[in-house]
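Following: one structure in structure tokens, then a few remarks.
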């Protein structure tokens, strides 16, 4: 996560890269912890609707932050109000003073409360608690954090609405067409898994791998039968586990985009496993916001989704679980693709040892 060696302006310019989109009418929170080398590191970041913060209970934001922080001792907290200014004074000064006080009551002693009208280059940012602490916003696109995020294959959306649009289901006619085709594909996949038909499962995994390769080139499936077949592959948790982790960022991102495409077209009952898969992939590349949003779409999350959301809530760094998932993925893949030897026949039981 980000080390706090940035100036205030540089930190503000990094917010779209940290969240994955440019927030508006929001309160963004950046919570830092002390490190052994004397620096501070970004522990968790997020946002809340400005209206909920200023019109709700003063401790609304502190309550939202608490489960993300867990037992971690915070060294400092930066809250940024992103809102178009109307008038000469900073908006909601009195309400936000109560919000800052609520953090002090929750044990956070170093709280900085900033105001930013937009993420346009050169706008003036200000501090609610220190009128002399002000400056201009650098170019967001030139931010070092932005460069790292983009180099990692992640996209920064122009707004939260555009960001959340990727989690919108496909048009009704496409959903209906796929829903009609899915049942026989799911039945076949379930039968293959139940009977441990490794030949059929390995072929199904190969079709999914080929679809990921096509997604690397920007080619996502649009044929309803192909989508139904790929959706059904996730009926097998062994196949799901095989594609959770990849050796390159490009392939991992392509796999996530494919899974998101399949989720948008999948019937609700099939979308649960896909939602957990996407949440895991997003979490592993450090996008906790996307992981949380896709997980929230599942009314009855599966075990993997619950585990990933617990990791997100407790700000567990992805590296802590990446190696575990990679080992599991490789082991499962090897199991599905290894040639099967002849099945051994159980030894016959001597007649004298058989029951009456």
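Does segment 171-193 hold any residues that are surrounded by fewer than 16 Cβ atoms within 10 Å (Cβ to Cβ) and closer than 19 Å to residue 277 by Cα, and which are they? Once the filter is applied, which keeps residues that are surrounded by fewer than 16 Cβ atoms within 10 Å (Cβ to Cβ) and closer than 19 Å to residue 277 by Cα, segment 171-193 yields only 190. In this structure, is residue 52 surrounded by 15 or more Cβ atoms within 10 Å (Cβ to Cβ) and either out of contact with any strand residue (DSSP E or B) (no Cβ under 9 Å at 6 or more places or on another chain) or more than 26 Å from residue 131 (Cβ to Cβ) (or both)? For residue 52, the condition - surrounded by 15 or more Cβ atoms within 10 Å (Cβ to Cβ) and either out of contact with any strand residue (DSSP E or B) (no Cβ under 9 Å at 6 or more places or on another chain) or more than 26 Å from residue 131 (Cβ to Cβ) (or both) - is not met. For the residues 165, 190, 172, the requirement of being touching a residue at least 40 places away in the same chain (Cβ under 8 Å), over 19 Å from residue 29 (Cβ atoms) and out of contact with any helix residue (DSSP H, G or I) (no Cβ under 8 Å at 6 or more places or on another chain) singles out 190.
Taking segment 199-239 as the range and being farther than 16 Å from residue 267 by Cα, touching a helix residue (DSSP H, G or I) at 6+ places or on another chain (Cβ under 6 Å) and assigned to a helix (DSSP H, G or I) as the test, the residues that pass are 200, 201, 202, 204, 205, 208, 211, 212, 215, 216, 238, 239. Taking residues in segment 95-116 that are in the same structural domain as residue 137 (by TED's automatic domain parsing) and on the phi > 0 side of the Ramachandran plot, and partners anywhere that are loosely packed, with under 14 Cβ neighbours inside 10 Å and assigned to a loop (DSSP other than H, G, I, E, B), the pairs with Cβ atoms closer than 9 Å and at least 6 places apart or on different chains are 107/73. The single condition from (1) out of contact with any strand residue (DSSP E or B) (no Cβ under 6 Å at 6 or more places or on another chain); (2) exposed (fewer than 12 other Cβ atoms within 10 Å of the Cβ); (3) not in a helix (DSSP H, G or I) that residue 122 fails is (1).
For segment 55-92, residues that are within 21 Å of residue 8 (Cβ to Cβ) and surrounded by 12 or more Cβ atoms within 10 Å (Cβ to Cβ) total 16.
The values are calculated or read from the model by the stated rules, or taken from the named source; none is laboratory data. None of these values were measured; they are calculated from a predicted model. Note that we place each Cβ from the backbone using ideal geometry, even for glycine, and neighbour counts take in every protein chain shown.
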